[in-house]
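Note sheet for the following structure.
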Amino acid sequence: MLQFKDDDLYIDQVKLYEIAVKYGTSVYVYSKNQIVQNIENYKKALKNKDGFICFACKTNSNATILKNISKLGVGADVTSGGEIYRCLHAGFDPLKIVYAGVGKTEEEIEYALKNKVLMFNVESFEELDLINKVADKVKIKAKISFRINPYVDPETHDYVVTGKKGTKFGIPYKDALKAYLYAKKKKNIIISGIHSHIGSQILKIAPFELAAQKIKRIVNEVEKNGMKLEYINCGGGLGIEYEKSQKAPSPEKLVSKVLQIFDVFYKNKKFIFEPGRSIIANAGHLLTKVIYRKISDKKNFLITDAGMNDLIRPTLYKAYHEIIPIKKINTKKVKTDVVGPICESGDFMGKDVMLPLIDQGEYLLITCAGAYGASMSSQYNSRPLIAEVLVENDKIVLIRKRASYNDLLLNEV
Ligand SMILES: *Cc1c(COP(=O)(O)O)cnc(C)c1O
């Protein structure tokens with residue numbers, strides 16, 4: 001949790017300035033308390049219901065973050081063999097790991113089966129064929145859900161829409177029953193549930209409700225055809241308030257509204273939610289130093305040591321992150337572009353943001369960057385991956401060392 005004490009910005013009980021000096025910049029900073037609170041919100045929402053959440057670990061897959069999350073007893077939503085590996089390493093119960101993704105390879109399927117993940121969220125007929133074949137080879141039956149594309153527009157950025165007609169995700173709504181009937185004939189497949197995930201950074205409840213209604217219809221149809229679904233997986237996608245003007249529904253509201261639609265199933269089904277962003281986004285921030293200032297053609301630039309390789313969201317999704325100086329500055333505010341050092345015009349953290357006059361060498365916090373931040377970072381421009389620290393009350397724990405130049409050559413022959 002961020003707050004100013006006197007003129008200094010703190011994350012929980014730690015002064016951000018102290019982190020910048022001790023660990024260098026740029027650096028990702030996370031609040032353990034915020035992560036725990038965000039998960040507790042979902043747990044509270046699911047109290048008295050038969051169900052659990054699976055943290056979407058593509059949002060942040062740092063080993064210590066995952067370990068802290070697994071300790072809270074929740075499951076994981078994974079999208080690759082690598083994520084299965086990370087989650088097992090972090091102590092997640094494989095029986096709470098669900099595996100989605102449109103392009104699971106044969107090796108990944110075998111790895112998932114041998115490690116006894118709870119189920120595959122299957123996204124195509126050919127994928128089902130391959131899972132059946134691999135299951136036969138390793139003599140382990142595969143539990144599956146179909147990921148159904150319910151044709152719902154979640155009204156979010158095009159790149160994170162997954163539940164609309166014409167995306168690559170899931171089984172088209174109209175083919176849902178056909179998929180289940182197809183799976184029923186497969187020897188090594190155990191039909192276990194149904195899944196839908198319609199997109200990300202969704203700020204309205206209505207699309208979730210619409211998807212739930214459509215999924216409910218399919219559940220009824222499938223069960224009429226003699227199959228039993230044990231799990232209903234409602235996916236993730238709940239948005240967060242990146243800007244003060246945004247209003248995000250609470251997890252409690254999302255869960256209760258969606259489960260209301262499924263209430264006839266309470267007695268014999270388990271419910272899964274797969275939040276990612278709403279667990280970790282507001283728990284992490286990118287701390288960076290202003291290296292230079294310049295005025296080019298009347299435009300004010302602050303050039304930071306964080307670049308698009310560290311945080312790609314602004315340029316990839318035109319995402320907004322509030323940027324705050326970590327020392328209170330009471331000058332007038334001016335329109336400023338906050339940009340990185342990389343040789344791309346798309347390398348910016350914020351455009352036309354109103355900031356006070358900041359001196360060279362001062363620090364800025366790019367807020368709510370805990371999701372799809374570090375996990376999407378790269379070494380572009382041969383910039384070593386940056387450090388990550390976790391704050392626990394008044395303690396700072398280094399959870400990822402800053403990579404070295406030598407690391408850049410790792411694996412290169
Ligand atoms: C990415 C993803 C999620 C998490 O989405 P958020 O918007 O981060 O909550 C959940 N389920 C699946 C299948 C995903 O791909």
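Radius of gyration over Kirkwood radius for region 258-332, both on Cα atoms: the Rg/Rh ratio is 1.24. The mean sequence distance of close C-alpha pairs (under 8 Å, at least 6 residues apart), as a share of the length of the chain, puts its relative contact order at 19 percent. Charging the Cβ of each Asp and Glu at -1 and of each Lys and Arg at +1, and nothing else, the dipole of region 100-275 about its Cα centre rounds to 760 debye.
Pairs exceeding 21 Å between alpha-carbon atoms, taken from LYS43/LYS224; LYS174/LYS216; LYS186/LYS270; LYS43/LYS267: LYS43/LYS224; LYS186/LYS270.
Applying the criteria of a DSSP loop state and at most 14 other Cβ atoms within 10 Å to the GluC sites (Glu not before Pro) of region 356-413 yields GLU412. Sorted ascending by nearby beta carbons within 10 Å, beginning with the fewest, SER278, SER375, SER250, SER70 become SER250, SER375, SER70, SER278. Over the chain, DSSP H runs of length four or greater, each weighted -39,500 (n - 2.57), average out per residue to a 222 nm ellipticity of -8000 deg cm²/dmol. Pairwise inverse Cα distances across region 100-275, averaged and inverted, put the Kirkwood hydrodynamic radius at 16.6 Å. Considering region 1-46 at the alpha-carbon level, its Rg and Dmax are found to be 13.4, 41 Å. Each peptide among 365-371, 61-67 gets the average number of other Cβ atoms lying within 10 Å of its residues, and from highest to lowest they stand as 365-371, 61-67. Averaging over all projection directions, the Cα-based convex hull of region 276-413 occupies 9.9 nm² in the image plane.
The trypsin sites (Lys or Arg not before Pro) found in region 352-412 that occupy coil by DSSP, while having at most 13 further C-beta atoms within 10 Å, are LYS401. Separation of region 129-145 and region 273-335 by C-alpha centroid, Å? Region 129-145 and region 273-335 have Cα centres separated by 46 Å. Note on the chain: Kirkwood radius taken over Cα pairs, Stokes-Einstein applied at 20 °C and 1.002 mPa s, translational D equal to 95 µm² s⁻¹.
The numbers here are math on the coordinates, done by the rules we state, and not lab data. Keep in mind it's a predicted model, so treat the numbers as computed, not measured. All Cβ positions, glycine included, derive from the backbone under ideal geometry; neighbour counts span all protein chains shown.
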